[in-house]
Amino acid sequence: MKPLMSCPTRYQQAMIAYLQHTDRAEKQYELSSTKIPEAVVAAVGTTSDVFHYLTIGSGMGLHSPLPGDSDILALIALRKRYRKIKATIIEPSPDMIAAFKENVRKEGPLLDDVDFLWNAMTLEDYMENEQPKQQFHCIFVVGVVSYLTDLTKCMKYLYKVLDKTGLIAITNGSDKNVFIQISRTYSNLMEGFSTPATEKLVAVFNEVGAHCTVSEMEAKVDIISCMQEDSQIGNLLLDLFTHVANFRETAPRDLVDDVIQFLTNPGLLVHRSNDKVTIRNSQEIGRASCRERV
């Protein structure tokens with residue numbers, strides 16, 4: 001079985017299929033454009049001459065897998081409150097950075113006053129090579145926690161470079177998340193995808209003296225097409241859920257059948273009818289800040 005992450009075109013197709021069949025877009029939009037910026041402004045205030053923003057990974061888009069959508073929403077909102085913003089982007093894929101830059105270009109004057117610093121590397125490489133003295137007012141870690149190789153080291157570093165008035169915003173799959181449940185159940189699937197419990201994130205931040213809160217963002221995805229063997233959409237969704245390219249065609253038949261049955265287990269299933277099967281795919285939103293100002 002071939003890892004989905006090694007097939008960029010197939011991964012993009014799978015992401016498009018997923019985003020077209022989930023209700024996460026509206027909730028992610030509110031989180032990125034309103035909730036996080038408002039929390040940051042409340043914490044930081046509006047007196048800073050330069051607002052420093054850091055994002056880890058370019059994330060996935062709201063309606064398509066275009067890099068930077070969540071960051072762009074947040075930056076547009078923050079730009080209304082801060083005269084000058086410097087945004088540091090850490091993304092290991094040059095192709096994703098190129099697409100992110102194009103996304104920024106399309107926004108035109110909405111991001112004119114934002115200076116972007118592009119870093120084509122992993123967070124671990126950035127930590128090793130850059131060691132910036134700059135402290136950041138907002139650190140965005142959306143949908144990438146599962147791909148960090150040393151979670152504890154990375155979270156401690158991010159807290160180290162957080163301004164004393166700043167905020168770290170992190171999204172992580174909850175126990176009601178299909179990707180988390182599959183990765184914990186099938187050890188031979190989800191290559192390159194780890195499953196840190198949010199409790200571990202909280203424990204790391206508590207260890208360094210941070211204040212951390214967690215809330216849940218409920219989301220659902222319609223998987224009825226996964227039950228249809230000749231459905232292109234269903235096959236793409238199965239690829240994404242398992243992180244295996246062409247999963248239905250290349251995996252052992254009994255494994256395919258078992259995964260499809262697992263998708264409708266009581267821990268995931270929300271609704272089942274003749275024309276729709278929806279399952280849970282919820283996210284947990286963590287916010288970390290300096291305890292001394294709480």
*asked:* List the residues, sorted by chain then number, that are 5 or more residues from Glu216 or on another chain and whose placed amide H is less than 5 Å from its amide H.
replied: Ile285
_Under 5 Å between amide hydrogens, which residues at least 5 positions from Val144 or on another chain qualify, with H placed 1.01 Å from N in the peptide plane?_
Thr171
*How about region 198-249: which GluC sites (Glu not before Pro) there lie in a loop by DSSP and see at most 14 other Cβ atoms within 10 Å?*
Glu218, Glu229
*Extreme residue, positive dipole direction of region 161-294, given options Thr278, Ala245, Gln228 (C-beta unit charges)*: Thr278
_Cα-based convex hull volume of the chain per residue, rounded to whole Å³_ = 126
*Sequence-distant aspartates and glutamates (8 or more away, or on other chains) whose Cα lies within less than 18 Å of Lys156*: Glu124, Asp125, Glu128, Glu130, Glu199, Glu207, Glu292
*According to a simple spin-label model (label point 7 Å from Cα along Cα-to-Cβ), what is the distance in nm between Glu26 and Val50?*
4.1
*With each pseudo-label sitting 7 Å past Cα toward Cβ, what's the Lys276-Tyr157 distance in nm, one decimal?*
4.3
*Could you tell me what % of all Cα pairs in region 211-294 have separations over 17 Å?*
56
*asked:* Can you tell me which lysines have their Cα less than 22 Å from the Cα of Lys84? Leave out same-chain residues fewer than eight positions away.
replied: Lys35, Lys101, Lys106, Lys133, Lys164
*Rounded to two decimals, what is Rg over Rh for region 99-162 when you use alpha-carbon atoms and the Kirkwood radius?*
1.00
*Sort Tyr53, Tyr11 by accessible area with a 1.4 Å probe, largest first.*
Tyr11, Tyr53
*Radius of gyration and maximum dimension Dmax of region 142-294, Cα, Å*: 18.0, 57
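The values are calculated or read from the model by the stated rules, or taken from the named source; none is laboratory data. This one's a predicted model, so the numbers in the text were calculated from it and none came from an experiment. FYI the Cβ positions are ideal-geometry reconstructions off the backbone, even for glycines, and counts take in every protein chain you see. The area values use the complete protein model at the heavy-atom level, side chains included, leaving out ligands, DNA and RNA. Shrake-Rupley method; radii C 1.70, N 1.55, O 1.52, S 1.80 Å.
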